[in-house]
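What follows is a single structure, written as structure tokens, with notes after it.
The values are calculated or read from the model by the stated rules, or taken from the named source; none is laboratory data. Every value quoted in this text rests on a predicted model; they were computed, and no experiment measured them. FYI the Cβ positions are ideal-geometry reconstructions off the backbone, even for glycines, and counts take in every protein chain you see.
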Amino acid sequence: MPDEIPEHYTRLLNHGLIGLVDHMGSDQSIVQAARVSYQGGTRPVSEDRQLIRYLVRHKHSSPLEMAECVFHLKMPIFVARQWVRHRTASMNEESARYSVI
């Protein structure tokens with residue numbers, strides 16, 4: 001049935017969906033990368049949370065690249081073209097040339 005989607009997916013508006021396929025890294029990976037320059041060692045989780053918020057707030061994005069997520073997205077073609085135009089990530093697309101859309 002076309003209306004059924006896997007339970008870990010979320011429907012978006014009328015014609016879209018999103019689902020997390022895979023992930024790598026964690027909050028610990030991010031804070032470790034942020035602290036590597038001064039060998040900060042281990043800290044309490046509350047300090048890790050504050051550090052991640054600081055990184056985001058001040059646009060220090062390189063430590064955030066230590067974590068990675070892979071999503072499955074379904075969207076109308078006009079939305080996909082705008083998304084690709086403004087993206088900062090890599091992507092693969094189902095080919096309309098080699099498959100039935």
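From the list VAL56, VAL45, exactly one residue is more than 26 Å from HIS8 (Cα to Cα), at pLDDT 90 or above and either more than 14 Å from the chain's Cα centre (by Cα) or not assigned by TED's automatic domain parsing to the domain that holds HIS8 (or both). Which is it?
VAL56
Against the conditions (1) modelled with pLDDT under 85; (2) surrounded by 12 or more Cβ atoms within 10 Å (Cβ to Cβ); (3) under 24 Å from PHE78 (Cβ atoms), where does TYR9 fall short? Just the number, please.
In the conditions (1) modelled with pLDDT under 85; (2) surrounded by 12 or more Cβ atoms within 10 Å (Cβ to Cβ); (3) under 24 Å from PHE78 (Cβ atoms), TYR9 misses (1) alone.
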